[in-house]
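Working notes, beginning with the structure itself.
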Amino acid sequence: MKAIKYLLAICFVVISGLSSYAQNPSEEIIFKALNDEMVRSLSSLKLGKNNPPFFIANYVSQIKLYYAKATLGALVHSKETPNYNTNLRLMVGDYSLNDENFQSNIQSYSSGGAQLSFPKEIDYAAIRRAFWSMSDRSYKRAVDSYTQKKTALKQQNKDESEKVDDYLKTAPITLLMNDIPLKYDKKVWEKNIKELSAIFRKYPKIQTSSVDIYFTSTNNYVINSEGSKIKEPVAVACLLVNASAQAVDGESLKDQLTFYCPVADQLPSLERLKQDVNKFATELEYRCSAPVIEEPFQGPVVFEGNALVELLNNKLLGESGLISSREPVYATGITGGSVNKMENKIGKRICAENISIMSVSKTKSFGDTQLIGAFDVDAEGVVPSNGLVLVDKGILKTMLSNRIPTPKVKESNGHNRFGIWGNYMKSPGVIQVSYDNGQSYNDFLKTVANETTKSGLDYFYIIRRFETSNMITSVQYGSSGLSKPVAIYKVLAKTGEEKLVRLAVISEFPMLSFKYAIAGTTEQYVCNTMRWNSIPISYIAPKAIAFNDVSIEKDNAPKSKCPVVESPLAALSK
Amino acid sequence: MKTFTNLRFLALSIVLGVFLFPRVSLAQDKLLDILQEEVNREFAVLKTQETPAYYIAYRVDESYGYNILAHFGALTYSDEGKSKILTVTVRVGSPKLDNFHELRDVSSGMSSYYFSQLNLPDEIDPLAIKNALWKATSDAYQEAVSKISKVKANVSIKVEEEDKTPDFTMDAPNKYEEQPIKPESVKFNVAEWEKRIKKYSSEFLKDSAIFYGYSGVSYRVLRKYYVSSAGDRIVQNNPSSNFYVQGIIKADDGMEMPLYKSFCAYFPDKLPSDKEMMLSTQKVVKNLIALKTAPVAEPFSGPALLSAEASGVFFHEIFGHRVEGQRMKSEDDAQTFKKKVGELVLPKSMTVYFDPLQTSYEGIDLNGYYKYDDQGSKAEKVNIIENGILKNFLMSRTPIRDFPRSNGHGRAQAGMQPVTRQSNLVVETSDFKSTKEIRDELIRLAKEQNRPYGYLFQDVVGGFTTTGRYMPSAFNVMPTLVYRVYTDGRPDEIVRGVDLIGTPLAMFSQIDMAGGEKGVFNGTCGAESGGVPVSGCSPMILVKVIETQKKSKSQERPYILSRPDETK
């Protein structure tokens, strides 16, 4: 049997918040109940000749959420909702061969369908019963999967050298951190969002609008059979401004403004928010009558600010990007799903040589901005590597990973992240993108303009914002893997004159396009965002990067007719 | 497929409702005014379009309430909630042919029942509310215009329809306003209820084989608004409260056996006493323990006695869904009773009616109570069967041949478009037998059919039925507590794993007598227009021949480890 690979032992004993951390009685009960039921399951959960589980991790997430919404100055909703979420990961077999990664590479957490709810009031027996119920189901499912997987492997003719352990063993860690209190003044925030949403009363072309806030603070408790004991808080305060309008030709125009930070009092001031909302609404109204792109385009495109972060987040750091993925074992006759093949490019160029990318997931702030993507330990008890070089001068070095090794990424760098809803998934934390030989923004634009002229074109495009999914709206991703650009400007190469246009989509943006960067800025842009409305991520990136040969074309999606009846806002504004 | 489930399954999400003593208000309801103003403004323009709207209606389901839940003695949920859900109906074309007309042979033929919910602002801000109404109306109008073109094409290429009645009935507008029920006027002590609910659910700890046990209480006040372009202006209150317990035990062969008990009342203080709730819970626990080792019933054909509650579900499934008028308009519906008006379909002693205005039966508050339906029609008592003869159907504002008008049974869940649905079903007999007489007859019938026993269906969780033509027009009632009643005088024996199945006409012809105790099954019926609160009221029913089949069973082994009940 292949030797079990051990990760570098990093044995922490209460490494963070040690001086002030005090376990409260409720936490003691939670940890004791999780541990006691785990210990019982490890020793006694046994079915016939099958062995008991060799690994169990019990998870509890204590979620506090305040959600409020207002539209046109009226409150729609305002409520704090406490909740608990439970998860359990149970494996049978051993580290080299276990039940996971069979048919699907989604980890076999047991959640959601828990027969017994986690108690609202901390209750030792009730917590154990919740995990007793989940453990039983998980064990039976794991035994079934393990048996089938072994049979499938026997039928496959895999080279011994291709074999990789199913799970990496790691040294136990104890990391108990203080809560991040969910602090906000309900009355103040209700008033704030009412005032902000009332701004849209002045914009009659805007059909729907809302201002929503989500303030969350989640304590994640984990205990596993390797001896790890973790309490890690995740907190995000989010303010979302959503609005939609319709262009004169019926094109649906949706846009959003998002603000993310760890806690509510770090959100921008009301005055600053009002300025931003006014600007946002003005632009959206202007887009209703903005010109439509005239012709298909292939040439230089500048991705700036949020648009660059969206591009990086959806493509380069997306599921098909720099996140390692293990190919599952499939039963005979079952066709595999999509597996990220990016690791085959390790050691090869994937970006322009000016571009370097680092994971700095323990970096908590950058300048004045608190980074919501920062974390101290992942959901598998691995401390993230800080300063992990993913791409060096365009060359792929490694990928973000968890404890399921792949042929070319054999160690975890601690990126099985805790989400705000008590879920876990592989995801970036804090990503720093740099551009060698960057330029000032003005010089950068001149370089792009020159490149445009050299290509025989009169104009290039700047994209400053895409339609993005958030907790209120979801968007369609096109064949390029990107959503529709909502702030896209046609820039004349000769004069630098910018003109807002609409009805444009990026028809394709293959990974190959990252090799064709023209220029980048020295000025940096810091952005907090979310993945699947669940995992907080932060980016520190150049303000803008331009890529060549990007294809943009007219959006041919069907358009609805404009409303026949005048909106009440329009009627009022007369 | 139409389902009838016990409230307990849906208690956290489904709005239930009835209000016993509505008071007519002289004060104007601001929301009602806002709705009325906007519907008038929209209609004034949309009726003049190339594809004109001829009817627009706004429904708003405004609710507030509380839910408490505990599992095995531990509080697992306790929260209050409120919402204000808008549902818009836009009809284009004409009452003769509109966008709600059935699309034949089109898989999206159910699209007129689409689900579209919009939460209106909690605060009464006329501009914010009107803007939401305007956008929702615009979207609904565009959808309606698109649909009517499909309808016209469909009508032109298909054979003539059997039922050529119009798609909609334009009635004189109704006006009715009740004062809101103030939250502070209803006593609901959260701390006290939490304590009680924990106490009841802890009864399930008494047997270690019970792997799931909870109890809960919910209380909600629903205030329903309806305005239309025809001038309807209605607002009514539907408060409801429910107490429920559920436990599940698993037999060694893997079969999981749930038992439920619930009580409904309009207001929490009318729910049963603490003692009654505790006794009911203890009875559920006792029956669960008995079920664990009960013999598995084999498929059976023979006589059976249905308890009052079981009979309520039985009539709801085999009969109620088949007298929902609008359903019979569909060319895909089996139309079991459509041409049987005037015929004897039950014993001459039996009468079946639906009465949404009836507030209680045998002292039990009824779930299917309302004053006006979800199409603004006044609720009416409808005698469906009189002395065994089929007389009438439940009608919404979609007429069928010979039944041109609504009798106030157009109903829907918030966010869905109404269709004909049931309300409070009541079965009566003029030849009421005592419990002894009815049991004796059961035994006599079993002997006559050479059966060693007949069945007693004591408790059911719900049922479902199919009324289409593609699948057999059959029903399935899901009993949870079933006994063999032996002909040789042995005590009744509890059995497990039985489903009561059949086809409606065959089963109806076998109904023999009614009597014994009377009872109510309060529940939520799920069908095309979502979940609506309903009741089935009946005496016990004796059926000469029923058919049972084995219940589907879990293949999961029992829990490997014992339930951990240690407290520290």
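The values are calculated or read from the model by the stated rules, or taken from the named source; none is laboratory data. Quantities reported herein were computed from a predicted structural model and do not represent experimental measurements. Neighbour counts are summed over all protein chains in view; Cβ atoms, including those assigned to glycine, are modelled from backbone coordinates with ideal geometry. For the accessible areas, the whole protein counts, side chains as well, though only heavy atoms, and no ligand, DNA or RNA atoms are used. Shrake-Rupley method; radii C 1.70, N 1.55, O 1.52, S 1.80 Å.
Observations
- Count of residues meeting criterion [in a strand (DSSP E or B) and either open to solvent by less than 10 Å² (accessible area, probe 1.4 Å) or within 10 Å of another protein chain (Cβ to nearest Cβ) (or both)] in segment B:35-58: 5
- Residue within segment B:265-272 that is modelled with pLDDT of 95 or more and crowded, with 23+ Cβ neighbours inside 10 Å present: yes
- Selection of first residues in segment A:22-35 that are more than 12 Å from chain B (Cβ to nearest Cβ) and open to solvent by 50 Å² or more (accessible area, probe 1.4 Å) and of second residues that are part of a helix (DSSP H, G or I) and at pLDDT 95 or above, restricted to Cβ pairs under 8 Å at least 6 apart or on distinct chains, gives the following pairs, ordered by first then second residue: A:Q23/A:F31.
- Hey, A:G422 among the small types (G, A, S) and either buried (at least 24 other Cβ atoms within 10 Å of the Cβ) or over 29 Å from A:N344 (Cβ atoms) (or both) or not: yes
- Residue selected from segment B:129-156 under the condition more than 27 Å from B:F403 (Cα to Cα) and of a type in the set (V, I, T), by the criterion surrounded by the fewest Cβ atoms within 10 Å (Cβ to Cβ): B:V145
- Some residue of segment B:244-256 being away from chain A (no Cβ under 14 Å) and in a strand (DSSP E or B): yes
- Any hit, segment A:554-564, residues being open to solvent by 10 Å² or more (accessible area, probe 1.4 Å) and in a strand (DSSP E or B): yes
- Filtered by the rule that a residue be polar (S, T, N, Q) and touching a residue at least 24 places away in the same chain (Cβ under 8 Å), segment B:503-541 gives B:T503, B:Q510, B:N522, B:T524, B:S529, B:S535, B:S538.
- Some residue of segment A:374-381 being more than 26 Å from A:I230 (Cα to Cα) and β-branched (V, I, T): no
- Number of residues in segment A:479-519 that are on the phi > 0 side of the Ramachandran plot and of a type outside the set (G, A, S) equals 1.
Here's the yes/no breakdown for (1) without any contact (Cβ under 8 Å) to a residue 24 or more places away in the chain; (2) out of contact with any His (no Cβ under 7 Å at 6 or more places or on another chain); (3) of a type in the set (D, E, K, R):
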position	(1), (2), (3)
A:K154	yes, yes, yes
A:D166	no, yes, yes
A:K183	no, yes, yes
A:W189	no, yes, no
A:S197	no, yes, no
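- Verdict on B:V545 being more than 14 Å from chain A (Cβ to nearest Cβ), at pLDDT 90 or above and under 19 Å from B:F475 (Cα atoms): yes
- Top-ranked residue in segment A:238-253 [being assigned to a strand (DSSP E or B) and surrounded by fewer than 19 Cβ atoms within 10 Å (Cβ to Cβ); ranked as modelled with the lowest pLDDT]: A:S252
- Among the criteria (1) touching a helix residue (DSSP H, G or I) at 6+ places or on another chain (Cβ under 8 Å); (2) closer than 30 Å to A:S209 by Cα; (3) open to solvent by less than 50 Å² (accessible area, probe 1.4 Å), the one B:P126 does not fulfil is (3).
- Scanning segment A:535-553 for residues that are open to solvent by 60 Å² or more (accessible area, probe 1.4 Å) and of a type in the set (S, T, Y) turns up nothing.
- Restricting attention to segment B:547-560, the residues being surrounded by fewer than 24 Cβ atoms within 10 Å (Cβ to Cβ) and in a strand (DSSP E or B) number 3.
- So B:I197, is it over 23 Å from the mean Cα position of the chain (by Cα), within 14 Å of chain A (Cβ to nearest Cβ) and not in a strand (DSSP E or B): yes
- Meets criteria (away from every other protein chain (no Cβ under 14 Å) and either under 27 Å from the mean Cα position of the chain (by Cα) or modelled with pLDDT of 95 or more (or both)) for B:K82: no
- Residues located in segment B:300-344, provided they are buried (at least 23 other Cβ atoms within 10 Å of the Cβ), in a loop (DSSP other than H, G, I, E, B) and modelled with pLDDT of 90 or more: B:S307
- Enumeration of residues in segment A:168-222 that are in a helix (DSSP H, G or I) and either of a type in the set (G, A, S) or open to solvent by less than 10 Å² (accessible area, probe 1.4 Å) (or both): A:I193, A:L196, A:S197, A:A198, A:F200
- Sub-6 Å Cβ pairs linking a first residue in segment A:133-148 that is more than 10 Å from every other protein chain (Cβ to nearest Cβ) to a second residue that is open to solvent by 20 Å² or more (accessible area, probe 1.4 Å) and hydrophobic (A, V, I, L, M, F, W, C), at least 6 apart or interchain, are A:M134/A:A114; A:V143/A:L47; A:S145/A:F102, ordered by first then second residue.
- Hits in segment A:85-115 (condition: under 30 Å from B:N67 (Cβ atoms) and either surrounded by fewer than 20 Cβ atoms within 10 Å (Cβ to Cβ) or modelled with pLDDT under 75 (or both)): A:N85, A:Y109, A:S110, A:S111, A:G112, A:G113, A:A114, A:Q115
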